[in-house]
1. Among residues belonging to the stretch 165-200 that are in contact with a strand residue (DSSP E or B) (Cβ under 9 Å, 6 or more places away or on another chain) and assigned to a helix (DSSP H, G or I), point out the one that is most open to solvent (accessible area, probe 1.4 Å).
2. Kindly indicate the residue of the stretch 1-57 that is surrounded by 19 or more Cβ atoms within 10 Å (Cβ to Cβ), of a type in the set (V, I, T) and under 22 Å from S83 (Cβ atoms) and also modelled with the lowest pLDDT among those meeting that condition.
3. If you go through the stretch 87-130 one residue at a time, how many are out of contact with any Asp or Glu (no Cβ under 7 Å at 6 or more places or on another chain) and of a type in the set (A, V, I, L, M, F, W, C)?
Amino acid sequence: VERLQSALDERKILVRPICYLGAEWQSPDGVPAICVPFYLAHPRLRQLEMHQMLEVEGGTAEACDKLMFHECGHAVDHAFGLSTRKSWRDTFGDNRIEYNPTIYHHRPYSRAFVTNLPNWYAQSHPDEDFAETFAVWLALSSDAWKKQYGGWKALEKLDYIDRTMRAISGKPPKVTRVGLLGEASKSKKTLGAHYAWKRK
């Protein structure tokens, strides 16, 4: 969280996403907040997640940073209403289409998308394309992302985010209300019920 906030401060983006523990990685619709999976809060919960799901999403510092920066992209979008703009849709596509984040067709060799999270996640939906591109933009210097994505169509998206973030730099977000979804502290669900649902 501190690394994320430091990166936002460096670029003078005045969004302060509320980070809280919940069931899974997400940024609730319309809310500038980031839900971090509860299992990252304690080593024994990490072990349980690994035993039940055979992986710990965000379990390393590098993976956690990538996910935090990705979810921050959604939070910044929610804070400023960026995805309602015509220029956003012209760049990333119409985000009103429905999708299932676990089932999507991807082109592994496409250069129209950045690569941040595994499985070409940017290709799953326009909202995810934006969040992935934002994550790369926030994590790397402009020289680094221009070099890494030189000659890629994805560079146009990074340039769009760079222009958009410069335009909102130093400006207060339009949305500051926080209606948190699925807070672990308010959950009545047992770990057994949670993992039965998650495995299903």
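1. It comes out as S185.
2. Selected residue: V31.
3. So the answer is 5.
The values are calculated or read from the model by the stated rules, or taken from the named source; none is laboratory data. Since the structure is predicted, the reported quantities are computational estimates derived from the model, not experimental observations. Positions of Cβ are generated from backbone atoms using ideal geometry, with glycine treated the same way; all protein chains shown enter the neighbour counts. Please note that ligands, DNA and RNA were not included when accessible areas were found on the heavy atoms of the full protein model with its side chains. Shrake-Rupley method; radii C 1.70, N 1.55, O 1.52, S 1.80 Å.
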